[in-house]
Structures are given as C-alpha cells and as structure tokens.
Amino acid sequence: MIKKSIRSIHTQDAKLAMAHMYVAFIALFIGASAGLIQTLERSGKLKLPAGIGYYQILTVHGVILGLVLTTFFILGFMLASQSKTAGKYTSGERKFAWIGFWMMTIGVVITATFILLNEASVLYTFYAPMMAHPGFYIGLTLVIVGSWFEGFVIFKRHARWRKENPGERTPLLSYMSVITMLMWQIATLGVAATVLIQFIPWSLGFTDSIDVLVSRTLFWYFGHPLVYFWLLPAYMAWYAIIPKIIGGKIFSDSLARLSFILLLLFSIPVGFHHQLTEPGIDPFWKYIQVVLTFLVVIPSLMTAFSLFATFEARGRELGGKGLFGWIKKMPWKDVRFLAPFIGMVWFIPGGAGGIINASNQMNQVVHNTIWVTGHFHLTAATSVMLTFFGIAYWLIPSLTGRTLTARMNKWGIIQTIVWSVGMAIMSGAMHWQGLIGGPRRSAYSEYLGNADTAAFGPYQLAQAVGGSILFIGMIIMLVIFVNLAFFAPKGEQEFPVAVEGETSGTTPAVLENWKLWIGVTCALILFAYTIPFIDIIQNAPPGSPGFKLW
Ligand code: HAS
C-alpha cells in the first residue's frame, strides 16, 4: 500500500516554515564551505586564487551562518511550533509572514552580492571605520525589517490564542516564541539605529565622518541579545520537546517561563561586556554591565537544573537508580535526542568560557584572541547547531509529510559524532592558541612582533583538520536534509510536544503580564545605557572619515 503524506501542521503553514528551512540549509552549505576555505587559508594550506581575500571569505562565513542560517531556521521553527501548539495562522497573518520572508530573502541576496563582489569585506560585526558598499547595509536592513514582520505575526497569533481561550495558560512554545521575538525586536532597534542613522548616510556620502564608539555601542547593544536569539530556540527544544522524545514530562512549566523572562530582562543591558577593553566608556558602567552579565547566567543554570531533573525523573520511572541512573535509560540511538543532548554537554564548557570572558580581568587576557572564536564555536556552532540539527531530523519530515527512516537516523548519529569530533579539535585548538596570544580576525599573525608566532603553527594546523572534519559533517547534514525534504518515504512524522509533569504546580499568571515585563526590560536598558551613552556623545572625539572598502 502506498502511504499518504500527512503534514503535522496546516499545509499552508508547513509551506511557509519550509521556505525558511530551504534558505537556512542553502546558507549552511555556502557558509560552512567558506568556513573551510578560510581555515585552510589561515593555516597556510591554501592560497586563495583570483584575488579573493581572506576577509571576504570570513565575511561570507560570519554573515551567512551567524545572521542568515540562524534567523531563517529560528523563524521557520517558531512559526511551525506556534502553528502546532496555538493553531493555524489566518490567511492575513500568513500573508504578512510571507512579506517578511521575501523582504529577508531579497535583503540576503543584496548583502551577499556586495560581499561576493569584495565591496563589503567588513566581517559580520561591520565595525566602523571600515566602510562597506551602501548595498551591504541596505540589504541587512531589509533582513531586519522582514524579521520584524514575522515577529509581529508571532505576537498576533499569541494574542489571538489568549482571546480565544480566556483565563487559560498559553501554549509554552508559543509563549517562548513571543519572548524570543520580543527580545529580538527590542535588540534590533540598536543595530537598525546605527545602520540607518550612521552607516547608510555615511556610505552614501551624505556625511563625511562616523562616530566609531557610538556605532560599536549600538552594535553591541544588539550583539549580545543576538547570541541569545540563537540560544532561546535551542532552549525551546530542550524544555518543551526533548522531554517528549525521552517519554517524560516537562519538569516545571513556570520554571521554563521564568527562565525565559529572566533571559529577556538581562540579555540586552550587557553589551559593554564586548567592549571592556574599549576606551571612552566609563569603567563604572562597564562594571554595572558585568554584574548584569552574571545575572544573565542564572537562567542558564536554571535550565541545566531543569534538564537534569527531567532526565532523572524519567530515568527513575524506567527503573534507574541514584543521581546518574538515568544515563543508562536514555534513548541514545534516537538522533532526535542524541544530537541536542550532545549540544547540552558542549554547553557546559561553552558556558564556562562565557563566564571567563565576562570576568573583567580575565577578559583582558582573552579579548581579541582566537579564544573568543573558540568560545562561540562551542556555544553557537555546537550547542545551538547540534540542537537545530536535532530539530531538523523530525521537523523537516513532519512539515513535508515524510518520515525519518532508520537509515537517516543512523546517518544523523554519524553526523553528530563527526561534528563533535571536528569541533572538539577545532575549538580546542582555538582556545589554546588564544591563551598564548593568537589573534582573532586575522590571517597573518606576524604583527605580534616579539611573540613566538611559530608556536601558533600546530594550533592552526589542528584548526584546519577540525574544520575539514566539520565540512564533512556539513555535507552529511545536507544529504540528510535533502532526503527528508524530497525523498524519504511518505507518512506521518511525530511533531513532539511535551506536557507538564503532574507535580509541577500551577503557573503564576504574572508570567504572562507583558506590560510588566516589557516595562522592566526597558527600565533596565535605560538604567544601563542612558548615562554612559550621553557621556559617549558629549565627550566624543572628532568623527572618523573611515576607509572605503569598495
Ligand atoms: Fe558569549 C563573546 C560572555 C553565552 C556567543 N559570545 C561571544 C561571541 C559570540 C558569543 C558569537 O562577557 C563573539 C562576538 C564577537 O564576534 O566579538 N557568553 C558570555 C556569557 C555567556 C555566553 C557570560 N555566547 C553565549 C552563547 C552564545 C555566545 C549562548 C551563542 C549561542 N561572550 C561573552 C563575553 C564575550 C562573548 C564576555 C566577549 C568576549 C570578548 O572579549 O570579545 C553565558 O550565557 C553562558 C551561560 C551558560 C551556562 C551553561 C549552562 C549549561 C547548560 C547545559 C546543561 C547540560 C546538561 C547535559 C543538562 C552557565 C544549560 C548534562 C549531561 C552530562 C552527561 C553532564
């Protein structure tokens, strides 16, 4: 008998979510290939032909993976999760989301064009006084405005659910999507401000200089919540999907919501921890933001606690004994569990590295070294990406009306191992090289002068080896994606959504009081930024004319 394909959410919503996934996985291919090329170039194993530059390839790598792959995957995942748990979108909402999707896609094409033309080799942080072609900034603006459209759809659907179900607790995945997009909308105001008020007029020649510190401060006001924008969807899966996959229940709905609220409150007013070595910012305000950074660690510790509790409870249900008896009881052969779980394990050293970065004195040792690159390859490229891959194994077939076969499951397990091994080698070498002073964002380390640059050789070689293994991992992932999207057998793949455990208590209504939480978020931002920002503007040195890269 020929099996019918059954999509786990409304067909039109599934198509919308899948459109995001196609862009995300094309981005994975382009971005990861650029990653391989730049690591080979950096280690001296490859000379780029035809005048292609190291910074050009590094910009492709950072922008396409850090901004394009993540944003498209996250929006696709959240739209699908909301449609599944809160119900389908209206045709008006869907139309609005499609407008956002096309704005983002057109923006990506424009931005990518100028990077590929070598007219925007400014890396993903596009620090002034480097000046890219105006098209680079205009393209990025379109990506951000497009994402706002989709964010408003998520808010609207959540509000509609509340109206349709008065007094009831909202679906957890929809609630988490709202917080993620709230954080995103508030944070992107910073990058939108610097791009629209500073970069675009400057690159078009309307102004002849730029205030570098203002632009960097506005960028990092956005840049730290950006990394939580990557993390929160992974937390959505850890809290609300993994328990179902292991056959358990959510440890506590209120704890999950509270940790998301805390991430919203504390993820934005902390941008100075990326600028600890920069002159022009009063040390008192750097200190305040370091304290706030330590507060944003708390919801991640709550998440670790909640995950251990979920695993232990399920382990005991299955007859496991003691604190770690659960280890023997987990479904290790199920890639939907294995990939995100390995992501969680990597988040322990990744998070510890973050705490080191945030500690002012230790930051002086690691800042601008390749240690930081090692840090974000553990957090973003391992914990988050392995979780996204773990989601893709069930989400893609459940959107296309296909099934994850035992064969693809096995390839997924191989992919998880390959990715972990590659990243352990590459990120480990980056951390070590950073500790002995290896610079980041640089193909040429000789400028260190008296430092023993020859000592960097083995570490750069290890990075090239790790990067090549990761490239193989990327190819395996793409093969699995294509299979799940187009060739896997038709059928019905479960969209796993966990329910809360019986003993987890009621969820306080205050957690859904948006006016309160948005108010506290704004108050914290104003507290952390108003005085230092006025100070930065009042005491600004003359603006920089910058240097044109096009
Ligand atoms: Fe970071 C730089 C501080 C988390 C990404 N970070 C970066 C950059 C990126 C990035 C991209 O304070 C570079 C930006 C650039 O280009 O310049 N980071 C932190 C802190 C945290 C943190 C305090 N970062 C992340 C996450 C990222 C990310 C998450 C991406 C997704 N980071 C910094 C600082 C800098 C920085 C400075 C600037 C450095 C400089 O000088 O330039 C915290 O949020 C980390 C908290 C995490 C934990 C871990 C909790 C563990 C869990 C797993 C439980 C595991 C289980 C399984 C249950 C406390 C939840 C157990 C199983 C067993 C068998 C044991």
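The values are calculated or read from the model by the stated rules, or taken from the named source; none is laboratory data. Worth saying up front: this structure is predicted, and the values here are computed from it rather than measured. FYI the Cβ positions are ideal-geometry reconstructions off the backbone, even for glycines, and counts take in every protein chain you see. In case anyone asks, the SASA skips ligands and DNA or RNA and just uses the protein heavy atoms, side chains included. Shrake-Rupley method; radii C 1.70, N 1.55, O 1.52, S 1.80 Å.
Can you name the residue in the range 305-328 that is assigned to a helix (DSSP H, G or I) and over 28 Å from residue 379 (Cβ atoms) and, of all such residues, is farthest from the ligand (Cβ to nearest atom)?
So in the range 305-328, the residues assigned to a helix (DSSP H, G or I) come out as 305-317, 325-328.
Filter again for over 28 Å from residue 379 (Cβ atoms), leaving 316-317, 325, 328.
Working: 316: 16, 317: 18, 325: 13, 328: 12 Å.
Filtering the range 305-328 for residues that are assigned to a helix (DSSP H, G or I) and over 28 Å from residue 379 (Cβ atoms), the one farthest from the ligand (Cβ to nearest atom) comes out as 317.
If you go through the range 279-300 one residue at a time, how many are more than 8 Å from the ligand (Cβ to nearest atom) and open to solvent by 20 Å² or more (accessible area, probe 1.4 Å)?
Looking only at the range 279-300, we keep the residues that are more than 8 Å from the ligand (Cβ to nearest atom), and these are 279-289, 291-292, 295, 298-299.
Going one step further and asking which of them are open to solvent by 20 Å² or more (accessible area, probe 1.4 Å), we end up with 279-280, 282-288, 291, 295, 298.
Result for the range 279-300: 12.
Restricting to the range 155-171, what's the tally of residues that are under 21 Å from residue 521 (Cβ atoms) and open to solvent by 20 Å² or more (accessible area, probe 1.4 Å)?
Of the residues in the range 155-171, 4 are under 21 Å from residue 521 (Cβ atoms) and open to solvent by 20 Å² or more (accessible area, probe 1.4 Å).
Given (1) touching a helix residue (DSSP H, G or I) at 6+ places or on another chain (Cβ under 9 Å); (2) modelled with pLDDT of 95 or more, where does residue 543 come up short, assuming only one miss?
Checking residue 543 against (1) touching a helix residue (DSSP H, G or I) at 6+ places or on another chain (Cβ under 9 Å); (2) modelled with pLDDT of 95 or more, the one that fails is (2).
If a residue has to be touching a residue at least 60 places away in the same chain (Cβ under 8 Å) and surrounded by 15 or more Cβ atoms within 10 Å (Cβ to Cβ) to count, how many in the range 319-359 make the cut?
17
Residue by residue through the range 495-550, note down the ones that are assigned to a helix (DSSP H, G or I), open to solvent by 70 Å² or more (accessible area, probe 1.4 Å) and either of a type outside the set (A, V, I, L, M) or in contact (Cβ under 8 Å) with a residue 40 or more places away in the chain (or both).
502, 503, 515, 527, 531, 537, 538
State all residues of the range 301-312 that are more than 17 Å from residue 342 (Cβ to Cβ) and open to solvent by less than 40 Å² (accessible area, probe 1.4 Å); if no residue qualifies, say none.
Just the residues of the range 301-312 that are more than 17 Å from residue 342 (Cβ to Cβ), to begin with: 301-302, 305-306, 309, 312.
302, 306, 309, listed by residue number.
If we scan the range 102-111, do we find a residue that is crowded, with 19+ Cβ neighbours inside 10 Å, β-branched (Val, Ile, Thr), touching a Pro at 6+ places or on another chain (Cβ under 9 Å) and not in a loop (DSSP other than H, G, I, E, B)?
no
Among the residues of the range 1-25, how many are β-branched (Val, Ile, Thr) and touching a Ser or Thr at 6+ places or on another chain (Cβ under 7 Å)? Outline the logic, then answer.
Within the range 1-25, the subset β-branched (Val, Ile, Thr) is 2, 6, 9, 11, 23.
Then drop every residue that is not touching a Ser or Thr at 6+ places or on another chain (Cβ under 7 Å), which leaves 9, 23.
So the answer is 2.
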